[in-house]
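Peer 1: The structure is given below, and queries will be raised subsequently.
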Amino acid sequence: MNQVIIIGGGPAGSVMGSYLSMAGIKNIILESAIHPRPHVGESMVTSSTRVYKEIGFLPILEKEGFPHKYGASWHDIKGRGASHIWFDEFPQEGINQPYTYHVDRGKLDLLLLKHAEKLGSEVYQGITVKQVLFDEKGYAAGVRVKIADQEVDLAAKMIVDASGRNTLLGRQLGIKKKDPIFNQYAVHAWFENVNRGEPETADFIHIYFLPVERGWAWQIPITDKITSMGVVAEKEVFMESKGDVEGYFNKYANSNEGLKYALSEARRINEFKQEGDYSYSMEKFVGNGFILVGDAARFVDPIFSSGVSIALYSAKYGSQFIQQAFETGDFSEAAFKPYEVKMRAGVSVWYEFIRLYYKLLPLFTHFIQSKKYRLEVLRLLQGEVYDRKEVPVLAAMRQYIETVEKTENHLLRSKLTSIPIDDLPEFTQLSQD
Ligand SMILES: Cc1cc2nc3c(=O)[nH]c(=O)nc-3n(C[C@H](O)[C@H](O)[C@H](O)COP(=O)(O)OP(=O)(O)OC[C@H]3O[C@@H](n4cnc5c(N)ncnc54)[C@H](O)[C@@H]3O)c2cc1C
(Lines give C-alpha, C1' and ligand atoms only; values in the text may rest on other atoms or scores of the structure.)
Protein backbone atom coordinates (compact mmCIF):
# COMPACT_ATOMS: atom_id res chain seq x y z
CA MET A 1 0.00 0.00 0.00
CA ASN A 2 1.14 3.56 -0.68
CA GLN A 3 2.05 5.62 2.36
CA VAL A 4 0.69 9.02 1.23
CA ILE A 5 -1.25 10.12 -1.85
CA ILE A 6 -1.21 13.85 -2.56
CA ILE A 7 -3.99 15.17 -4.80
CA GLY A 8 -2.67 18.12 -6.83
CA GLY A 9 0.80 19.23 -7.86
CA GLY A 10 0.54 22.98 -7.21
CA PRO A 11 2.81 24.65 -4.60
CA ALA A 12 1.00 23.03 -1.64
CA GLY A 13 1.18 19.52 -3.13
CA SER A 14 4.78 19.70 -4.34
CA VAL A 15 6.05 21.19 -1.09
CA MET A 16 4.13 18.59 0.92
CA GLY A 17 5.77 15.89 -1.22
CA SER A 18 9.19 17.48 -0.67
CA TYR A 19 8.89 17.60 3.14
CA LEU A 20 7.52 14.05 3.32
CA SER A 21 10.34 12.67 1.19
CA MET A 22 12.87 14.52 3.33
CA ALA A 23 11.31 12.75 6.34
CA GLY A 24 11.60 9.39 4.57
CA ILE A 25 7.87 9.00 3.90
CA LYS A 26 7.00 7.63 0.48
CA ASN A 27 4.46 9.71 -1.41
CA ILE A 28 2.73 9.96 -4.75
CA ILE A 29 1.62 13.26 -6.30
CA LEU A 30 -1.30 13.03 -8.74
CA GLU A 31 -1.75 16.15 -10.88
CA SER A 32 -4.59 16.51 -13.36
CA ALA A 33 -2.85 19.08 -15.58
CA ILE A 34 0.36 18.71 -17.52
CA HIS A 35 2.79 21.34 -16.25
CA PRO A 36 3.61 24.03 -17.19
CA ARG A 37 0.07 25.35 -16.89
CA PRO A 38 -0.86 29.01 -16.28
CA HIS A 39 -2.02 30.01 -12.79
CA VAL A 40 -2.90 33.17 -10.93
CA GLY A 41 -0.84 34.11 -7.82
CA GLU A 42 2.39 35.57 -9.15
CA SER A 43 3.80 37.60 -6.29
CA MET A 44 5.32 36.02 -3.18
CA VAL A 45 5.65 37.32 0.38
CA THR A 46 8.98 36.89 2.14
CA SER A 47 7.83 34.14 4.50
CA SER A 48 7.82 31.82 1.46
CA THR A 49 11.61 32.11 1.36
CA ARG A 50 12.01 30.13 4.58
CA VAL A 51 10.13 27.16 3.14
CA TYR A 52 12.01 27.33 -0.17
CA LYS A 53 15.24 27.38 1.80
CA GLU A 54 14.28 24.38 3.94
CA ILE A 55 13.47 22.21 0.94
CA GLY A 56 16.61 23.32 -0.94
CA PHE A 57 14.71 25.21 -3.63
CA LEU A 58 16.31 28.67 -3.27
CA PRO A 59 19.24 27.96 -5.65
CA ILE A 60 16.71 26.96 -8.32
CA LEU A 61 14.75 30.20 -7.91
CA GLU A 62 18.01 32.12 -8.30
CA LYS A 63 19.28 30.09 -11.24
CA GLU A 64 16.00 30.50 -13.13
CA GLY A 65 16.20 34.28 -12.72
CA PHE A 66 12.78 34.98 -11.21
CA PRO A 67 12.50 38.75 -10.60
CA HIS A 68 13.50 39.80 -7.10
CA LYS A 69 10.78 41.55 -5.12
CA TYR A 70 12.22 44.03 -2.62
CA GLY A 71 9.00 45.67 -1.51
CA ALA A 72 5.50 46.89 -2.23
CA SER A 73 3.86 50.20 -3.19
CA TRP A 74 0.31 51.47 -2.76
CA HIS A 75 -1.13 54.19 -5.00
CA ASP A 76 -4.15 56.33 -4.23
CA ILE A 77 -6.69 57.06 -6.93
CA LYS A 78 -5.49 60.52 -7.85
CA GLY A 79 -1.87 59.47 -8.46
CA ARG A 80 -0.51 61.82 -5.77
CA GLY A 81 2.49 59.67 -4.98
CA ALA A 82 2.74 56.25 -3.46
CA SER A 83 3.45 54.67 -0.06
CA HIS A 84 6.24 52.11 -0.15
CA ILE A 85 7.64 49.42 2.10
CA TRP A 86 11.03 47.73 1.76
CA PHE A 87 11.38 44.20 3.13
CA ASP A 88 14.89 44.89 4.42
CA GLU A 89 13.37 47.19 7.05
CA PHE A 90 12.30 44.05 8.88
CA PRO A 91 14.88 41.30 8.34
CA GLN A 92 13.71 37.75 8.91
CA GLU A 93 15.65 35.57 11.28
CA GLY A 94 17.67 32.96 9.41
CA ILE A 95 17.02 34.50 5.99
CA ASN A 96 19.87 36.53 4.57
CA GLN A 97 18.19 38.03 1.55
CA PRO A 98 16.15 41.25 1.66
CA TYR A 99 13.82 40.21 -1.14
CA THR A 100 11.41 37.55 -2.27
CA TYR A 101 10.22 36.74 -5.81
CA HIS A 102 7.66 37.42 -8.49
CA VAL A 103 6.95 34.33 -10.54
CA ASP A 104 5.52 32.99 -13.75
CA ARG A 105 3.42 30.34 -12.02
CA GLY A 106 3.57 27.97 -14.98
CA LYS A 107 7.33 27.89 -14.59
CA LEU A 108 7.44 27.95 -10.77
CA ASP A 109 4.93 25.15 -10.33
CA LEU A 110 6.72 22.94 -12.88
CA LEU A 111 10.06 23.51 -11.13
CA LEU A 112 8.55 22.78 -7.70
CA LEU A 113 6.98 19.57 -8.99
CA LYS A 114 10.29 18.47 -10.53
CA HIS A 115 12.03 19.33 -7.28
CA ALA A 116 9.58 17.18 -5.31
CA GLU A 117 10.27 14.35 -7.76
CA LYS A 118 14.01 14.76 -7.30
CA LEU A 119 13.59 14.54 -3.53
CA GLY A 120 11.63 11.28 -3.86
CA SER A 121 7.96 11.93 -4.71
CA GLU A 122 6.48 9.70 -7.39
CA VAL A 123 4.83 12.20 -9.73
CA TYR A 124 2.05 11.50 -12.24
CA GLN A 125 0.69 14.30 -14.40
CA GLY A 126 -2.48 14.24 -16.51
CA ILE A 127 -4.25 12.09 -13.90
CA THR A 128 -7.43 13.38 -12.32
CA VAL A 129 -8.56 12.16 -8.93
CA LYS A 130 -12.31 11.61 -9.03
CA GLN A 131 -12.91 10.94 -5.35
CA VAL A 132 -11.35 9.99 -2.06
CA LEU A 133 -12.25 6.49 -0.84
CA PHE A 134 -13.07 5.73 2.81
CA ASP A 135 -12.93 2.38 4.64
CA GLU A 136 -15.65 0.90 6.85
CA LYS A 137 -14.21 2.70 9.91
CA GLY A 138 -14.49 6.08 8.18
CA TYR A 139 -10.77 6.51 7.48
CA ALA A 140 -9.57 7.84 4.12
CA ALA A 141 -8.06 4.77 2.48
CA GLY A 142 -7.30 5.69 -1.11
CA VAL A 143 -8.42 7.53 -4.21
CA ARG A 144 -10.26 6.72 -7.42
CA VAL A 145 -8.46 8.14 -10.44
CA LYS A 146 -9.27 8.43 -14.09
CA ILE A 147 -6.49 7.27 -16.40
CA ALA A 148 -7.42 7.68 -20.05
CA ASP A 149 -10.93 6.17 -20.02
CA GLN A 150 -10.37 3.81 -17.12
CA GLU A 151 -11.14 4.32 -13.46
CA VAL A 152 -8.58 2.83 -11.09
CA ASP A 153 -8.53 2.69 -7.27
CA LEU A 154 -5.25 3.37 -5.46
CA ALA A 155 -4.90 2.55 -1.76
CA ALA A 156 -2.93 4.69 0.72
CA LYS A 157 -2.52 5.06 4.46
CA MET A 158 -2.95 8.84 4.28
CA ILE A 159 -4.53 11.28 1.80
CA VAL A 160 -3.54 14.93 1.36
CA ASP A 161 -5.96 17.12 -0.57
CA ALA A 162 -3.90 19.81 -2.32
CA SER A 163 -6.35 20.26 -5.19
CA GLY A 164 -6.48 24.06 -4.85
CA ARG A 165 -9.71 25.86 -5.62
CA ASN A 166 -11.11 22.65 -7.05
CA THR A 167 -11.52 21.71 -3.35
CA LEU A 168 -12.06 18.06 -4.24
CA LEU A 169 -12.52 16.60 -0.77
CA GLY A 170 -14.32 19.64 0.64
CA ARG A 171 -16.96 19.31 -2.07
CA GLN A 172 -17.13 15.53 -1.72
CA LEU A 173 -17.77 15.82 2.03
CA GLY A 174 -20.11 18.84 1.71
CA ILE A 175 -17.99 20.94 4.08
CA LYS A 176 -17.27 23.92 1.79
CA LYS A 177 -18.67 27.24 3.03
CA LYS A 178 -18.83 30.52 1.19
CA ASP A 179 -17.23 33.47 2.88
CA PRO A 180 -20.01 35.69 4.27
CA ILE A 181 -18.23 38.94 3.39
CA PHE A 182 -16.04 38.56 0.34
CA ASN A 183 -17.25 37.75 -3.14
CA GLN A 184 -14.79 39.33 -5.48
CA TYR A 185 -13.93 38.93 -9.10
CA ALA A 186 -10.58 39.38 -10.81
CA VAL A 187 -9.69 39.98 -14.45
CA HIS A 188 -6.03 39.82 -15.41
CA ALA A 189 -3.57 39.45 -18.28
CA TRP A 190 0.09 39.90 -19.17
CA PHE A 191 1.29 43.10 -20.85
CA GLU A 192 4.49 44.37 -22.44
CA ASN A 193 5.72 47.93 -22.21
CA VAL A 194 4.10 48.74 -18.88
CA ASN A 195 5.57 51.85 -17.32
CA ARG A 196 6.67 50.42 -13.97
CA GLY A 197 7.53 53.82 -12.45
CA GLU A 198 10.66 55.00 -10.65
CA PRO A 199 13.66 52.63 -11.00
CA GLU A 200 13.99 52.09 -7.19
CA THR A 201 10.51 50.61 -6.97
CA ALA A 202 10.04 49.32 -10.51
CA ASP A 203 10.36 45.69 -9.40
CA PHE A 204 7.97 46.05 -6.45
CA ILE A 205 4.42 44.82 -6.52
CA HIS A 206 2.26 47.91 -7.10
CA ILE A 207 -1.27 48.05 -5.72
CA TYR A 208 -3.62 50.71 -7.10
CA PHE A 209 -6.77 51.68 -5.20
CA LEU A 210 -9.91 51.79 -7.37
CA PRO A 211 -12.97 53.99 -6.79
CA VAL A 212 -15.26 51.09 -5.84
CA GLU A 213 -15.53 49.38 -2.48
CA ARG A 214 -12.90 46.63 -2.12
CA GLY A 215 -11.60 47.48 -5.59
CA TRP A 216 -7.90 47.42 -6.42
CA ALA A 217 -5.48 46.52 -9.19
CA TRP A 218 -2.09 44.79 -9.22
CA GLN A 219 1.09 45.32 -11.22
CA ILE A 220 3.54 42.40 -10.93
CA PRO A 221 6.77 42.08 -12.95
CA ILE A 222 7.02 38.62 -14.53
CA THR A 223 10.17 39.16 -16.62
CA ASP A 224 12.16 42.23 -17.69
CA LYS A 225 9.57 42.87 -20.37
CA ILE A 226 6.35 41.22 -19.20
CA THR A 227 4.11 42.58 -16.43
CA SER A 228 1.01 40.95 -15.00
CA MET A 229 -1.85 43.43 -14.51
CA GLY A 230 -5.09 42.54 -12.74
CA VAL A 231 -8.24 44.33 -11.64
CA VAL A 232 -10.25 43.14 -8.62
CA ALA A 233 -13.71 44.31 -7.51
CA GLU A 234 -16.89 42.92 -6.01
CA LYS A 235 -18.50 40.36 -8.31
CA GLU A 236 -21.62 42.51 -8.64
CA VAL A 237 -19.48 45.36 -9.98
CA PHE A 238 -18.07 42.98 -12.59
CA MET A 239 -21.59 41.76 -13.46
CA GLU A 240 -22.53 45.34 -14.39
CA SER A 241 -20.16 45.01 -17.35
CA LYS A 242 -22.47 42.30 -18.79
CA GLY A 243 -19.59 40.07 -19.86
CA ASP A 244 -17.52 42.79 -21.55
CA VAL A 245 -14.27 41.72 -19.89
CA GLU A 246 -12.01 44.09 -21.79
CA GLY A 247 -14.40 47.01 -21.25
CA TYR A 248 -14.48 46.24 -17.53
CA PHE A 249 -10.69 46.05 -17.31
CA ASN A 250 -10.20 49.28 -19.28
CA LYS A 251 -12.83 51.16 -17.30
CA TYR A 252 -11.05 50.47 -14.02
CA ALA A 253 -7.57 50.78 -15.51
CA ASN A 254 -8.54 54.34 -16.37
CA SER A 255 -10.03 55.08 -12.95
CA ASN A 256 -6.69 55.43 -11.15
CA GLU A 257 -4.27 58.05 -12.47
CA GLY A 258 -1.17 56.00 -11.63
CA LEU A 259 -2.56 52.86 -13.22
CA LYS A 260 -3.66 54.78 -16.28
CA TYR A 261 -0.12 56.06 -16.70
CA ALA A 262 1.39 52.59 -16.16
CA LEU A 263 -0.77 51.17 -18.95
CA SER A 264 -0.65 54.17 -21.28
CA GLU A 265 1.74 52.53 -23.76
CA ALA A 266 1.21 48.91 -22.79
CA ARG A 267 0.31 46.08 -25.15
CA ARG A 268 -1.58 43.00 -23.95
CA ILE A 269 0.14 39.75 -24.97
CA ASN A 270 -2.31 37.07 -23.85
CA GLU A 271 -6.02 36.56 -23.28
CA PHE A 272 -7.74 38.03 -20.24
CA LYS A 273 -8.33 35.45 -17.52
CA GLN A 274 -11.11 35.64 -14.96
CA GLU A 275 -11.20 34.39 -11.38
CA GLY A 276 -14.34 34.32 -9.23
CA ASP A 277 -15.93 32.52 -6.26
CA TYR A 278 -12.59 32.21 -4.54
CA SER A 279 -13.56 33.25 -0.99
CA TYR A 280 -14.48 30.20 1.06
CA SER A 281 -13.46 27.93 3.89
CA MET A 282 -13.91 24.27 4.75
CA GLU A 283 -15.69 23.40 8.00
CA LYS A 284 -12.70 21.30 8.89
CA PHE A 285 -9.18 20.92 7.51
CA VAL A 286 -8.55 17.40 8.86
CA GLY A 287 -10.29 14.08 9.31
CA ASN A 288 -9.48 10.43 9.88
CA GLY A 289 -6.61 9.69 7.52
CA PHE A 290 -6.66 12.99 5.63
CA ILE A 291 -5.67 16.63 5.75
CA LEU A 292 -6.39 19.58 3.46
CA VAL A 293 -3.61 22.00 2.51
CA GLY A 294 -3.40 25.31 0.63
CA ASP A 295 -6.43 26.53 -1.27
CA ALA A 296 -8.08 23.13 -0.82
CA ALA A 297 -8.68 24.23 2.80
CA ARG A 298 -9.32 27.95 2.63
CA PHE A 299 -8.88 31.08 0.55
CA VAL A 300 -10.18 34.58 1.14
CA ASP A 301 -8.68 37.48 -0.72
CA PRO A 302 -5.38 38.05 -2.51
CA ILE A 303 -4.82 41.72 -1.55
CA PHE A 304 -1.64 40.96 0.44
CA SER A 305 -0.29 38.16 -1.81
CA SER A 306 -0.61 35.64 1.01
CA GLY A 307 -1.99 32.61 -0.90
CA VAL A 308 1.20 30.79 -1.90
CA SER A 309 2.81 31.45 1.49
CA ILE A 310 -0.17 29.90 3.28
CA ALA A 311 -0.06 26.96 0.84
CA LEU A 312 3.64 26.41 1.61
CA TYR A 313 3.24 26.70 5.39
CA SER A 314 0.21 24.42 5.44
CA ALA A 315 2.35 21.83 3.62
CA LYS A 316 5.22 22.35 6.06
CA TYR A 317 3.09 22.10 9.23
CA GLY A 318 0.84 19.39 7.78
CA SER A 319 3.84 17.22 6.89
CA GLN A 320 5.02 17.36 10.52
CA PHE A 321 1.74 15.87 11.73
CA ILE A 322 1.78 13.22 9.02
CA GLN A 323 5.29 12.28 10.08
CA GLN A 324 4.07 12.02 13.67
CA ALA A 325 1.16 9.81 12.58
CA PHE A 326 3.55 7.39 10.89
CA GLU A 327 5.61 7.29 14.09
CA THR A 328 2.67 6.72 16.46
CA GLY A 329 0.32 4.84 14.16
CA ASP A 330 -2.46 7.29 15.07
CA PHE A 331 -4.11 8.65 11.91
CA SER A 332 -7.27 9.87 13.63
CA GLU A 333 -8.84 13.29 13.14
CA ALA A 334 -7.85 14.14 16.72
CA ALA A 335 -4.19 13.50 15.93
CA PHE A 336 -4.28 16.04 13.08
CA LYS A 337 -6.41 18.66 14.87
CA PRO A 338 -3.43 20.72 16.14
CA TYR A 339 -2.47 21.28 12.49
CA GLU A 340 -5.90 22.77 11.85
CA VAL A 341 -5.69 24.95 14.97
CA LYS A 342 -2.32 26.31 13.84
CA MET A 343 -3.47 27.04 10.29
CA ARG A 344 -6.68 28.68 11.43
CA ALA A 345 -4.73 30.90 13.82
CA GLY A 346 -2.51 32.10 10.95
CA VAL A 347 -5.28 32.53 8.42
CA SER A 348 -7.49 34.40 10.89
CA VAL A 349 -4.69 36.95 11.41
CA TRP A 350 -4.72 37.59 7.64
CA TYR A 351 -8.51 37.63 7.63
CA GLU A 352 -8.69 40.28 10.33
CA PHE A 353 -5.95 42.37 8.71
CA ILE A 354 -7.69 42.22 5.33
CA ARG A 355 -11.03 43.31 6.79
CA LEU A 356 -9.49 46.20 8.75
CA TYR A 357 -7.68 47.24 5.59
CA TYR A 358 -10.86 47.36 3.51
CA LYS A 359 -12.81 49.02 6.33
CA LEU A 360 -10.81 52.23 6.12
CA LEU A 361 -8.18 52.42 3.36
CA PRO A 362 -6.48 55.66 4.53
CA LEU A 363 -5.84 53.97 7.87
CA PHE A 364 -3.53 51.43 6.25
CA THR A 365 -1.50 54.17 4.56
CA HIS A 366 -1.38 56.04 7.87
CA PHE A 367 -0.16 52.97 9.78
CA ILE A 368 2.60 52.10 7.32
CA GLN A 369 3.83 55.67 7.54
CA SER A 370 3.72 55.66 11.34
CA LYS A 371 7.07 55.15 13.11
CA LYS A 372 5.27 53.32 15.88
CA TYR A 373 3.45 50.75 13.77
CA ARG A 374 5.37 50.49 10.52
CA LEU A 375 7.48 47.49 11.53
CA GLU A 376 4.52 45.58 12.88
CA VAL A 377 2.56 46.15 9.69
CA LEU A 378 5.61 45.03 7.76
CA ARG A 379 5.79 41.90 9.83
CA LEU A 380 2.20 41.15 8.94
CA LEU A 381 2.88 41.80 5.27
CA GLN A 382 5.79 39.36 5.32
CA GLY A 383 3.33 36.66 6.25
CA GLU A 384 4.89 34.68 9.05
CA VAL A 385 2.46 35.47 11.85
CA TYR A 386 0.58 32.47 13.22
CA ASP A 387 -0.22 34.01 16.61
CA ARG A 388 -2.36 37.15 16.93
CA LYS A 389 -0.61 38.13 20.17
CA GLU A 390 2.53 38.88 18.15
CA VAL A 391 0.81 41.74 16.31
CA PRO A 392 -0.92 44.19 18.68
CA VAL A 393 -1.14 46.58 15.72
CA LEU A 394 -4.39 44.84 14.76
CA ALA A 395 -5.98 45.95 18.03
CA ALA A 396 -4.63 49.47 17.45
CA MET A 397 -6.15 49.57 13.96
CA ARG A 398 -9.45 48.34 15.34
CA GLN A 399 -9.42 51.00 18.04
CA TYR A 400 -8.67 53.73 15.50
CA ILE A 401 -11.62 52.62 13.38
CA GLU A 402 -13.92 52.64 16.40
CA THR A 403 -12.89 56.22 17.16
CA VAL A 404 -13.62 57.30 13.58
CA GLU A 405 -17.01 55.56 13.76
CA LYS A 406 -17.93 57.32 16.99
CA THR A 407 -16.70 60.80 16.05
CA GLU A 408 -19.37 62.49 14.00
CA ASN A 409 -17.19 65.11 12.33
CA HIS A 410 -14.07 62.96 11.92
CA LEU A 411 -12.30 63.79 8.64
CA LEU A 412 -12.02 60.11 7.71
CA ARG A 413 -15.62 59.21 8.57
CA SER A 414 -16.78 59.40 4.96
CA LYS A 415 -14.08 56.88 4.03
CA LEU A 416 -15.50 54.11 6.23
CA THR A 417 -16.87 51.20 4.23
CA SER A 418 -19.66 48.79 5.13
CA ILE A 419 -17.42 45.77 5.77
CA PRO A 420 -18.06 44.16 9.19
CA ILE A 421 -15.01 43.96 11.42
CA ASP A 422 -16.56 42.35 14.50
CA ASP A 423 -14.96 39.15 15.62
CA LEU A 424 -16.07 36.47 13.23
CA PRO A 425 -15.44 33.05 14.70
CA GLU A 426 -14.19 30.86 11.89
CA PHE A 427 -17.02 28.78 10.40
CA THR A 428 -19.78 29.52 12.87
CA GLN A 429 -21.19 32.32 10.76
CA LEU A 430 -20.41 31.02 7.30
CA SER A 431 -23.26 30.18 4.97
CA GLN A 432 -23.49 26.86 3.14
CA ASP A 433 -22.03 26.94 -0.39
C1 LIG B 1 -7.19 36.91 -8.16
C2 LIG B 1 -6.15 36.16 -7.37
C3 LIG B 1 -4.88 36.70 -7.23
C4 LIG B 1 -3.91 36.02 -6.48
N5 LIG B 1 -2.68 36.58 -6.31
C6 LIG B 1 -1.78 35.97 -5.51
C7 LIG B 1 -0.48 36.53 -5.31
O8 LIG B 1 -0.12 37.57 -5.87
N9 LIG B 1 0.37 35.87 -4.48
C10 LIG B 1 0.02 34.71 -3.86
O11 LIG B 1 0.83 34.17 -3.09
N12 LIG B 1 -1.18 34.14 -4.06
C13 LIG B 1 -2.08 34.74 -4.87
N14 LIG B 1 -3.28 34.14 -5.09
C15 LIG B 1 -3.56 32.85 -4.43
C16 LIG B 1 -2.82 31.67 -5.08
O17 LIG B 1 -3.20 31.58 -6.43
C18 LIG B 1 -3.18 30.38 -4.36
O19 LIG B 1 -3.31 30.60 -2.98
C20 LIG B 1 -2.14 29.28 -4.58
O21 LIG B 1 -2.01 28.98 -5.94
C22 LIG B 1 -2.53 28.02 -3.79
O23 LIG B 1 -1.70 26.93 -4.11
P24 LIG B 1 -2.27 25.44 -4.02
O25 LIG B 1 -1.13 24.54 -4.29
O26 LIG B 1 -3.06 25.27 -2.80
O27 LIG B 1 -3.33 25.34 -5.22
P28 LIG B 1 -3.07 25.41 -6.79
O29 LIG B 1 -1.90 26.25 -7.07
O30 LIG B 1 -4.36 25.79 -7.43
O31 LIG B 1 -2.72 23.92 -7.19
C32 LIG B 1 -3.70 22.90 -7.16
C33 LIG B 1 -3.33 21.85 -8.20
O34 LIG B 1 -4.22 20.74 -8.06
C35 LIG B 1 -4.56 20.24 -9.34
N36 LIG B 1 -5.83 19.54 -9.21
C37 LIG B 1 -7.05 20.07 -8.96
N38 LIG B 1 -7.98 19.11 -8.89
C39 LIG B 1 -7.34 17.93 -9.09
C40 LIG B 1 -7.77 16.57 -9.14
N41 LIG B 1 -9.05 16.24 -8.96
N42 LIG B 1 -6.86 15.61 -9.38
C43 LIG B 1 -5.55 15.93 -9.55
N44 LIG B 1 -5.08 17.20 -9.54
C45 LIG B 1 -5.97 18.18 -9.29
C46 LIG B 1 -4.64 21.50 -10.20
O47 LIG B 1 -4.45 21.20 -11.57
C48 LIG B 1 -3.50 22.35 -9.63
O49 LIG B 1 -2.30 22.18 -10.34
C50 LIG B 1 -4.24 34.78 -5.86
C51 LIG B 1 -5.51 34.23 -6.03
C52 LIG B 1 -6.46 34.91 -6.77
C53 LIG B 1 -7.82 34.29 -6.93
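The values are calculated or read from the model by the stated rules, or taken from the named source; none is laboratory data. In this text the structure is predicted, and so the values were computed from the model without any measurement. All Cβ positions, glycine included, derive from the backbone under ideal geometry; neighbour counts span all protein chains shown. Just the protein is used for accessible areas: all its heavy atoms, side chains included, with ligands, DNA and RNA removed. Shrake-Rupley method; radii C 1.70, N 1.55, O 1.52, S 1.80 Å.
Peer 1: Rounded to the nearest 0.05, what FRET efficiency do D135 and K63 have when you use their Cβ-Cβ distance and R0 = 51 Å?
Peer 2: 0.70
Peer 1: If you don't mind, another one. Given a Förster distance of 25 angstrom, what is the FRET efficiency for S83 paired with M239, based on the Cβ-Cβ distance and rounded to 0.05?
Peer 2: It comes to 0.20.
Peer 1: Using only DSSP helix segments of four residues or longer, with each worth -39500 (n - 2.57), what per-residue ellipticity at 222 nm results for the chain after dividing by its residue count and rounding to 500?
Peer 2: -10500 deg cm²/dmol
Peer 1: Another one. For A345 and T128 in the same chain, what is the full-extension length gain: residue separation times 0.36 nm, less their Cα-Cα distance, in nm?
Peer 2: 75.0 nm
Peer 1: Please pull out the direction-averaged projected area of region 184-276, using the convex hull of its alpha-carbon atoms, in nm² to one decimal place.
Peer 2: 5.4
Peer 1: Just the number, please: carbon plus sulfur as a percent of the accessible area of the chain, 1.4 Å probe, no ligands or DNA/RNA counted.
Peer 2: Roughly 50 percent, rounded to a whole number.
Peer 1: Please give the peptides 191-202, 306-317 ranked by average Cβ packing (other Cβ atoms within 10 Å per residue), highest first, as a rough proxy for protection.
Peer 2: Highest mean packing first, the order is 306-317, 191-202.
Peer 1: Dividing the convex hull volume of the alpha carbon atoms of the chain by its residue count, what do you get in Å³ per residue?
Peer 2: It comes to 148 Å³ per residue, whole-number rounded.
Peer 1: Between K415 and K225, 0.36 nm times their residue separation minus their Cα-Cα distance comes to what?
Peer 2: In short, 64.7 nm is gained.
Peer 1: Please list, in order along region 65-72, the HN-Hα scalar couplings obtained from phi with the Karplus expression 6.51 cos²θ - 1.76 cosθ + 1.60 (θ = phi - 60°), rounded to whole Hz, x for Gly and Pro.
Peer 2: 3J(HN,Hα) across region 65-72, in whole Hz: x, 4, x, 6, 10, 9, x, 9.
Peer 1: Treating cross-link reach as a plain straight distance, find the aspartates and glutamates whose alpha-carbon is under 17 Å from the alpha-carbon of K157, omitting any fewer than eight places away in the same chain.
Peer 2: E122, D135, E136, E327, D330, E333
Peer 1: Taking the Cα centre as origin and putting +1 on Lys and Arg beta-carbons and -1 on Asp and Glu beta-carbons, what dipole magnitude results for region 186-278, to the nearest 20 debye?
Peer 2: 160
Peer 1: Then there is this: For region 27-81, run through the trypsin sites (Lys or Arg not before Pro) and keep only the ones in DSSP coil with at most 13 other Cβ atoms within 10 Å of their Cβ.
Peer 2: K78, R80
Peer 1: Express in Å², to the nearest 10, the accessible area of Y19 obtained by rolling a 1.4 Å probe over the protein heavy atoms while all chains stay in place.
Peer 2: 30
Peer 1: Going toward the positive end of the dipole of the chain, with +1 on Lys and Arg Cβ and -1 on Asp and Glu Cβ, which of G307, L133, H206 do you reach last?
Peer 2: Farthest towards the positive end: H206.
Peer 1: Under a Cβ-only charge scheme (Lys and Arg +1, Asp and Glu -1), can you give me the dipole magnitude of the chain about the Cα centre, in debye to the nearest 20?
Peer 2: 280
Peer 1: Output wanted: per-residue J couplings in Hz (rounded whole) for region 348-353, from phi through Karplus 6.51 cos²θ - 1.76 cosθ + 1.60, θ = phi - 60°, x for Gly and Pro.
Peer 2: Result, rounded to whole Hz: 6, 5, 4, 4, 5, 4.
Peer 1: Where only protein heavy atoms count, and the probe is 1.4 Å, what is the accessible area per residue for the chain in Å²?
Peer 2: 42
Peer 1: To one decimal place, what Kirkwood hydrodynamic radius in Å is obtained for region 3-47 from all pairs of distinct Cα atoms?
Peer 2: 11.7
Peer 1: So if we plug the beta-carbon distance of A202 and V40 into 1/(1 + (r/R0)^6) with R0 = 25 Å, what FRET efficiency do we get, rounded to 0.05?
Peer 2: Working from the Cβ atoms, E equals 0.70.
Peer 1: Where does each of 285-292, 370-377 land if you order them by average Cβ count within 10 Å, highest first?
Peer 2: The peptides rank, most packed first, as 285-292, 370-377.
Peer 1: Order of 319-331, 357-369, 155-167 by packing, highest average Cβ count within 10 Å first?
Peer 2: Averaged packing, sorted descending, gives the order 155-167, 357-369, 319-331.
Peer 1: Ok, one more. Setting aside same-chain residues fewer than 8 positions from K78, which lysines have a Cα under 19 Å from its Cα?
Peer 2: Once the sequence-local lysines are set aside, what remains near K78 is K251, K260, K415.
Peer 1: I'd like the distance between the alpha-carbon centres of region 81-118 and region 198-243, rounded to an integer number of Å.
Peer 2: 20
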